[in-house]
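A.B. asks: After the structure tokens below, expect a handful of questions from me.
The values are calculated or read from the model by the stated rules, or taken from the named source; none is laboratory data. From a predicted model like this one, the values you see are computed outputs, not experimental measurements. Here Cβ is always computed from backbone atoms with ideal geometry, including for glycine, and neighbour counts include all displayed protein chains. The protein model used for the area step is the full one, side chains on, heavy atoms only, and it has no ligands, DNA or RNA in it. Shrake-Rupley method; radii C 1.70, N 1.55, O 1.52, S 1.80 Å.
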Amino acid sequence: MKSIVLIGDSLTQWFDWQRRFPDYKVANLGISGETVEGLLARREGIRGRIENPDYIFLMTGINNIANGQYDIAGPYQEIVRNLTTWYKKTTLVIQSILPVELAWISNDIIKDINRRLEQIAREYNAKYLDIYSLFVDLQGNPKSGYLSDDGVHLAGKGYEVWADEVERFLSCY
């Protein structure tokens with residue numbers, strides 16, 4: 001049985017990935033409220049918990065952005081460097097940060113950060129999975145019904161779209 005590890009914040013943590021992917025052994029290592037620096041601090045603990053998974057899906061950064069911390073590339077790159085060094089046979093998938101509906105955050109900032117995350121994926125021979133574009137309409141606004149009332153967390157429809165894209169990815173790799 002192939003194995004999947006999902007690493008991230010509450011967006012990752014609050015979904016039952018194992019139920020969605022019953023044909024895989026799934027480890028959900030999402031932690032609510034975690035920042036990129038928080039993930040960087042616990043990377044050794046992750047290394048001790050997982051052993052050579054087939055896939056690692058990584059999505060983190062929205063908690064930094066929500067706190068006005070946009071320069072996440074350095075610690076993010078260090079996380080990716082560690083994961084690609086430790087898990088040479090694993091397919092590392094960097095997932096885009098999702099759009100939000102918060103008055104103090106422009107989704108253009110998130111798009112810029114996502115472009116940098118895509119560059120990091122290329123630099124380390126990781127895969128980049130653009131979930132962001134599935135969550136916005138033609139005007140670039142978050143699609144109705146994908147986000148919860150708080151403007152950050154996902155509604156059921158949002159999780160369905162995200163999980164379907166992960167499934168599409170797994171079917172190709």
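A.B. asks: Using only Cα atoms, find the angle between the long axis of helix 107-123 and the longest principal axis of the chain, and express it within 0 to 90 degrees, rounded to the nearest 10.
C.D. replies: With both axes taken from Cα atoms, the answer is about 20 degrees.
A.B. asks: Apply the Karplus parameterisation 6.51 cos²θ - 1.76 cosθ + 1.60, with θ equal to phi minus 60°, to every residue of segment 44-53 and state each ³J(HN,Hα) to the nearest whole Hz, in sequence, with x for glycine and proline.
C.D. replies: Computed from phi, the couplings for segment 44-53 are 5, x, 5, 4, x, 8, 10, 10, 6, x Hz.
A.B. asks: Can you list the residues, at least 5 places off or on another chain, whose amide H is less than 5 Å from the amide H of Gly30, using H built in the peptide plane?
C.D. replies: Distant-sequence amide H within range of Gly30: Gly8, Gln13.
A.B. asks: Could you list which residues have their amide H under 5 Å from that of Lys25, counting only those 5 or more apart in sequence or on another chain, with H placed in the peptide plane?
C.D. replies: Lys2, Ser3, Ile4
A.B. asks: Okay, next question. Taking amide hydrogens as modeled 1.01 Å from N in the peptide plane, which residues meet the under 5 Å criterion relative to Phe57, leaving out close sequence neighbours?
C.D. replies: Residues meeting the criterion, in which the H sits 1.01 Å from N, are Val5, Leu6, Ile7, Val93.
A.B. asks: On the protein heavy atoms, probe 1.4 angstrom, tell me the percent of accessible surface of the chain carried by carbon and sulfur. Walk me through the numbers before you get to the answer.
C.D. replies: Values: 3950 of 8500 Å².
Exposed carbon and sulfur together represent 46 percent of the surface.
A.B. asks: I would also like to ask the following. Among DSSP bridges having both ends in the chain, what percentage is antiparallel? Round to the nearest 5.
C.D. replies: The answer is about 10 percent antiparallel.
A.B. asks: So for the pair Tyr173, Ala103, with labels modelled 7 Å out along Cα→Cβ, what separation do we get in nm?
C.D. replies: Here the modelled spin labels are 4.0 nm apart.
A.B. asks: Once every DSSP H run of n ≥ 4 in the chain is given -39500 (n - 2.57) and the sum is divided by its residues, what mean residue ellipticity at 222 nm do you get, rounded to the nearest 500 deg cm²/dmol?
C.D. replies: Numbers: 8 runs with 74 residues, N = 173.
Counting only the DSSP helices, I get -12000 deg cm²/dmol.
A.B. asks: With every protein chain present, what is the per residue accessible area of the chain (1.4 Å probe, Å²)?
C.D. replies: 49
A.B. asks: Determine which lysines satisfy two conditions relative to Lys25: a Cα distance under 27 Å, and not lying fewer than 8 residues away in the same chain.
C.D. replies: Hits, sequence-local ones excluded: Lys2, Lys88, Lys89, Lys127, Lys157.
A.B. asks: Convert each backbone phi in segment 4-20 into a coupling constant with the Karplus relation 6.51 cos²θ - 1.76 cosθ + 1.60 (shift: θ = phi - 60°), then list the ³J(HN,Hα) values in order as whole Hz, x for Gly and Pro.
C.D. replies: Result, rounded to whole Hz: 10, 10, 10, 10, x, 10, 4, 4, 6, 4, 7, 10, 8, 5, 5, 5, 6.
A.B. asks: What residue among Phe21, Val161, Ala66 has its Cα farthest toward the positive end of the dipole of the chain, where the charges are +1 on Lys, Arg and -1 on Asp, Glu, each on the Cβ?
C.D. replies: Phe21
A.B. asks: Cut-off 17 Å, label point 7 angstrom out along Cα-to-Cβ of Trp86: give me the residues of segment 98-126 whose amide nitrogen falls inside.
C.D. replies: 126
A.B. asks: From the phi of every residue in segment 68-83, what ³J(HN,Hα) in whole Hz does the Karplus formula 6.51 cos²θ - 1.76 cosθ + 1.60 yield, where θ is phi - 60° and glycine or proline is x?
C.D. replies: These are the phi-based 3J(HN,Hα) values: x, 9, 9, 8, 9, 4, x, x, 5, 4, 5, 4, 5, 4, 4, 4 Hz.
A.B. asks: Please say if segment 1-140 is rounded, prolate or oblate, where rounded means a/c under 1.5 for a ≥ b ≥ c the square roots of the C-alpha gyration tensor eigenvalues, and otherwise the choice is prolate for a/b larger than b/c and oblate otherwise?
C.D. replies: prolate
A.B. asks: Among Gln139, Gln13, Gln77, whose mean-square fluctuation peaks in a Gaussian network model of the chain (Cα, cutoff 10 Å)?
C.D. replies: In this elastic network of the chain, the residue with the biggest mean-square fluctuation among Gln139, Gln13, Gln77 is Gln139.
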